[in-house]
Every structure is written in C-alpha cells, then in structure tokens.
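Structure record follows, encoded as structure tokens.
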Amino acid sequence: MEEHNEELVREPGEKMVDEAFQHLLDSYLTSRHRKKVDIITKAFNFARQAHKGVKRLSGEPYIMHPIAVAQIACSEIGLGSTSICAALLHDVVEDTDFTVEDISNIFGPKIAQIVDGLTKISGGIFGGQASAQAENIKKLLLTMSDDIRVILIKICDRLHNMRTLESQPANKQYKIAGETLYIYAPLANRLGLNKIKTELENLSFKFEHPEEFNTIEKKLAITQESRDELFEQFTLPIREALDKMGVNYKIQARVKSPYSIWNKMQTKNVSFDEIYDILAVRIIFKPKSREEEINECFNIYVAISKIYKSHPDRMRDWLSHPKTNGYQALHVTLMSKQGRWIEVQIRSDRMNEIAEQGFAAHWKYKEGEEYTEDEGELGDWLRTIKEILDDPQPDAMDFLDAIKLNLFASEIFVFTPKGEIKTMPAGCTALDFAFQIHTFLGSHCIGAKVNHRLVPLSHKLQSGDQVEILTSNSQHVQPSWINFVSTAKAKGKIQAILRRDNREIQKKGEQTLTDFLARHDMEVTTSVLDKLCELHEVKKHELLFQAIGEKSIILGEKDIDELLGKNTRDGGKKGWWRLIPFLGGKEKVKVVKQAFEVQDYFIVGKDFNRKKPVYITENNITQFIFPSCCNPIPGDDALGFIDNKNHIEIHKRNCQVANRLKSGYGNRILDVKWDMHRRLYFDANIILRGIDRLGLLNDLTQVISHQLNVDMKMLTFKTNENIFDGEINLRVHDRDDVQVIIDELKALRGIQEIHLRN
C-alpha cells in the first residue's frame, strides 16, 4: 500500500522528468541501434533515485541534466544503448555514494568503464599549481585510449552545460565559455561534429560578447530577405541542370554562424557589410550506387561550372583524401550573376551524415562489442594524443597548446620521394616531417629537398609538396630547433635528446667543479652551490653545472674568494641600490627606486567574493594591473584575472592571453564592469590603410583635432606606390569615443581600412 501511495503522489517536476525520459526512449526507438530499452530504463531509474532531491542552479531536478546529455548523445551524435546508459549515469559516482564497482555489478564492465572515464575527467587535479582544466583534458585524452565514447559523452555534457549557462554567475560564464572555445569546440570539430562545434562556438560568443552577438543576429535577420532572393536566383539554373541529369538531390542554403562572422570581422578588420561569404550553397544528392558517388560529385561539378565561372584557387577536393575526421565533400566557389563569389559544397547523403554527426555516422563497432583503437583515422588520432602524453610532465598550458597545434590544426598532404602520402598539420616544417618519418632522420637532418629544390630545416611545407630529407651522421640536435618545429612528436623528441645531452654536460660540469674545489680543500655542498649560483647569476644548481660543463663559466680565484667571504662586491647591498654606480644624478636614482618599489595594488583576500563583479572607477583604477597584451579601455568587454600575487589583472575578453587564462585557470576569473564618468583619458591606437591623395593628411587632422576636438599624441604615415599605411595615437575617454572617430574617418575619401589596434 505504501509503495502504491508513493507512485500516486508525484513531486513537482516529476511529470517533466517522465516526459523528458519518454522523449529519449522515443528517439532511441527510431534509431538503427538494437532496441535495448530495458537496460536504458534501468539506468534511468537508478540515476533518478541516486540524484533524488538534488536540484540544479536553474531550479529543475538534477536528473534532467543526465537525461539531456543522453538525449544529445542519442539524437545529435547517433550513439546507442551503452552510451545512453553511461550518459544517464555519468554523474552518479562523482556526486553520490555509489562506486564504479557498483555500476559494474549492476550494468556490466563496459558501461562502468565509460562512467569511470567520465568521473576521472571531472575529479581532482594533479598538484596544487597545475591548471585544473588542462589536467582534466590530459586525463580526458588518457581515457580516450580506452573508449572514444568517453569524450563524445563529455562533449554532450559540455553542450548541455552551455545551453543552460544562463543560471551561472558571470565569472563562471566567462570561464566555461573560454574553456569551450579553447578546447571543446575544436575537439568537436576534430571528431567531425560540425553542428555541435558551431553551436558551442555561438553559445560561447553569446555569453562572452552579448552586445556583439545580438547586433550580428539582428543584422542577419535584416539581410535575410536579400539572401533568400540571391539563393533562389543562383540555384534556379543549377536545379534545371540537375533535373535534366536525373539527379536525386536537395539544395540547402548554409548561412555563416554569428561566431564565424564576428571572428572574420576581428581577424580581417572588416565590418559586417564587408563580409561577402555569409551565404553558401550545399548540394546533397542520393547516388545511383555507392561505388559511383565520387564520380557523381565531379559530374555535378562539371554541370554547374558550365553555368557559372569557378574560382581556380578555391577548389577543395576532400573526396579522394577525406579529412582525418572523415569529412568528405567537393567545395567549389562560383561567380554568381550578381557579381558575388558563392561557395558550393557538393556531397552525397552519406557524406552529409558524416559531416553532421562525425565518426558516429560510420561507427567502427556495434554496440556491446569490443572496440579496438587501431582502426582507421580514429586510431591515428589516438596515437597522436599518446605522442603528446609521452612527454613526462609537460607544463599545463604548454600541454594545451600542444593539443591545439596537433589535434585541431588544419591538415596538409605531403608526399615522400616514393610517392606515399603523409598527413601533417598545417604550418609544419621540413624538420617536423623528418621526425614524423623517423627519430634518426630528424636528429641527423641537415636540410631537405622540397619539390627537388634545396630548402633549410625551418622551411614551412605546403599541401602537395614532395619532400626528401637530407641527413649527415655528424649532425646533432640543436637547441634552436625547438623554436621552429610545431608538431608534438618533433618537440618531444628534440626536448628528450637535449635533456639527455644536457645531463651528460651537467655530469661533466659537476665533476669539473668537484675537482676544482678538491684542489682548494673544499667540498660540493648546498651552501657552496648557492653562493656560486648567486655570484654567476644562475638560478639553479643544474644550470651552474651545465654552464661549467659547456665552459661558459670558467672557475677561478674569484670563486674561491667568494666562498671564503673575501669578496665584498656591493657591500651587501641588494636590488636597485646596485645600479647607483652606473646612474649618475639623484633624479635617475629616484626613478629607478620607484620602478623597483611595489605598486599599491588591490590584494584579493580570503573573504573576497569571486562571484560578484569588480567595478572599475576613477578612484580605484590604479589598484588594478593593465597588461600590455590587449590594453582594455572603458566600454570594452573585460574580465579580471587573479595573478599569483593575488593582484587583479584586467584583460579584454577576446584577448589571446585571456583565452589561455580562462581555459587554464578558470577559478581565478572575475567579472569586470566599468563605472567610469568620462573624466580620465586612455591611449587608443587607430590603424589606417588606403589610397593616398593630396590633402588627405590635412583632412584627417581637421576631423580629429577641430571637428571632434580629440587630443592627438602621435601620427605616423608611410606611402608606397600610392598606398598609405598610418597609425594615430589618440587620447580618448572610452570605446564610444573610438567608434565615433572611426565612423567619421571612414567617410573620408581614400580611406579603405580602419580599425583599433588590439
């Protein structure tokens, strides 16, 4: 009777939970997977009970989150029962008293293994100084070698968190959005999850730069009608041609996402109106036979290139050599009758499914069967990850950069002298290629022949290059090599060889020092080493040994005098006082003294509330650090970062340094708001480019100094063959001032490009 009553009395939100789970089951039943409804229902009931009474920040029952993650895994990636169960259970071990062993006993070892992998990613970090997110990603990639589904479910988890980010405080929004743009969106892209990648980018953009996001959304809505008209006019003759050929097809309009538009506006320094590739066209066809689908792509291309002229440099053939994430398509750019270049993507229905759903669309295993990581492109990717992880203890941020360089870089195809194709990251050098082939080739490389032409080791390779590596047994790895290689494998091998060489030099240096001290009846002790390091201005004992081994430090009488206390170089004075003999004049001494003294910066204490925004006013602005990486001014979207001394740095939200900080040190990010009243002035540098003409400089100064009454500190102008490049340094109150100046200067005849220096 009690059980019966418990079912009748539904808690608030229970109906919502039941409906969400039923929707998940309905989606699963329409998929191609084997129908294992019982185990999914069992996982749902288990998770529901485990999370009972817990609510999310939004106020809804916590179980709604695992259901939503499972729904994304099922509907948007196309995964089956094992993944759906793991998604439903993914927070149980971390947030409740149940263990991985419990999950294994109830649901079997495979689901438990995936849940364990997901729990490891979200768990603690290695070491207090390490970056939590970088370490999480390191663990994430380590677990991927067990089962790729771990990372797919983690991406689903991140997507749902981004969709519900509204309920989080602003500083958390910047942290999570920053991590998403830096790590998860490129990961989704690398796995071929194009739709998810685009949504993650747009959601990150929306929370980091809400005003710009809304502006672009409005402009897209305003220009929708003209785009529809262009699409209809452009595709009409294409439809007629394809109908004549008897092709079973559909044509879609693909509109650039707000994030992609904004990103292009930032990198190219152009306005919304100057972006001409917002519209692209996608032709998706059902081939007459799977064996002929590549030929049919080219047949369609031939037909449409008879209607419109194609751009010779903008054809991308991913049919014969698909991208590593499985993407296949033919991209061509055609000149429309309206005088606009329009990209056309031609792909079969199978290729389209892979483009949207990634690896899951041509899954390498059936649900319930063991998956081996040696298969196809996925295996290559996992091997690349392992090479990155081979480096014993990489710095957290360097580790993230290595991932970015290798896993998320666009790819090029390079040929060996025998015609074999090797896939390499874009921007790689001949030396990267040498290490990719074999460590011996890389470590003894003296140069290369690219397309039968001699080039240096640092030569950057292009897609289609044929590369022959030249070696010499007398060649050894040089420290400078690390500066121009980009792949994880090359960097790792060079660092390993240099470490090995350095250990030998250090041993030699240590022996030299031991012998030297023995001749003066002294021994190698910590205090002796500390004194010698201070004398030679070396930070570590190992570096001292190395310098002695390399003979860049020659031991002599001064070292013995120092150790015996006979040398009184500066009378015990430290710091800035040591500079006095070289300065001359009291004023210079005063300047140096001030430079060495600590600024009166605000210090973040234990009771500081990190969830509340930090307001910057005229009265407290000097208490914050404004690094030179991005020079934020009032009106900029900004954030704060608590540095190692508990001072607060202020960065623009789209600053490259801030991007690294958000993804690596998210718990130190603060929300920042400006509360300025146009009393202070800030430096702003405006960059100009255009066609030179008589009187242009006079017009510029008239607008700035007289019309707008703005103080101009510096103006530089260079002209080359009638094209000018200029830079103006102005004193402004805020970002609005800058926009007014840019708008006024844009109207001047001859100015083609104008933007604020980032």
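The values are calculated or read from the model by the stated rules, or taken from the named source; none is laboratory data. Fair warning: this is a prediction, and the values are worked out from it, not measured in the lab. Backbone-built Cβ (ideal geometry, glycine too); neighbour counts: all protein chains shown. The protein model used for the area step is the full one, side chains on, heavy atoms only, and it has no ligands, DNA or RNA in it. Shrake-Rupley method; radii C 1.70, N 1.55, O 1.52, S 1.80 Å.
Label zone of PHE440 (point 7 Å out along Cα→Cβ, amide N under 18 Å): in the stretch 490-513 this covers 493-494, 497.
Assuming charge only on the beta carbon of Lys and Arg (+1) and of Asp and Glu (-1), the dipole of the stretch 292-360 about its Cα centre is about 420 debye to the nearest 20.
For the peptides 686-693, 246-253, 69-76, the ranking by packing is 69-76, 686-693, 246-253, with the highest mean count of neighbouring Cβ atoms within 10 Å listed first. Taking a ≥ b ≥ c as the square roots of the eigenvalues of the Cα gyration tensor, the stretch 625-682 is prolate, since a/c reaches 1.5 or more and a/b is larger than b/c. Positive end of the dipole of the stretch 436-566 (Cβ unit charges, origin at the Cα centre): among THR512, GLY549, ALA448, the Cα lying farthest that way belongs to ALA448. Heavy-atom accessible area for THR526, with the other protein chains in place and a 1.4 Å probe, reaches approximately 90 Å².
Computed over protein heavy atoms with a 1.4 angstrom probe, the accessible surface ordering of HIS755, HIS65, largest first, is HIS755, HIS65.
Taking square-rooted eigenvalues a ≥ b ≥ c of the alpha carbon gyration tensor, is the stretch 594-669 rounded, prolate or oblate, where a/c under 1.5 means rounded and, failing that, a/b exceeding b/c means prolate? Here the stretch 594-669 falls in the rounded category. Amide H contacts of GLY447: LEU470, each under 5 Å away and 5 or more positions distant or on a separate chain (H built 1.01 Å from N in the peptide plane; Pro and chain starts excluded).
Of the residues SER310, SER336, PHE298, the one whose Cα sits farthest toward the positive end of the charge dipole of the stretch 287-354, with +1 on the Cβ of Lys and Arg and -1 on the Cβ of Asp and Glu, is SER336.
Classified by the C-alpha gyration tensor, the stretch 190-236 has an oblate form. Its axis ratio a/c, with a ≥ b ≥ c, is 1.5 or above, and a/b does not exceed b/c.
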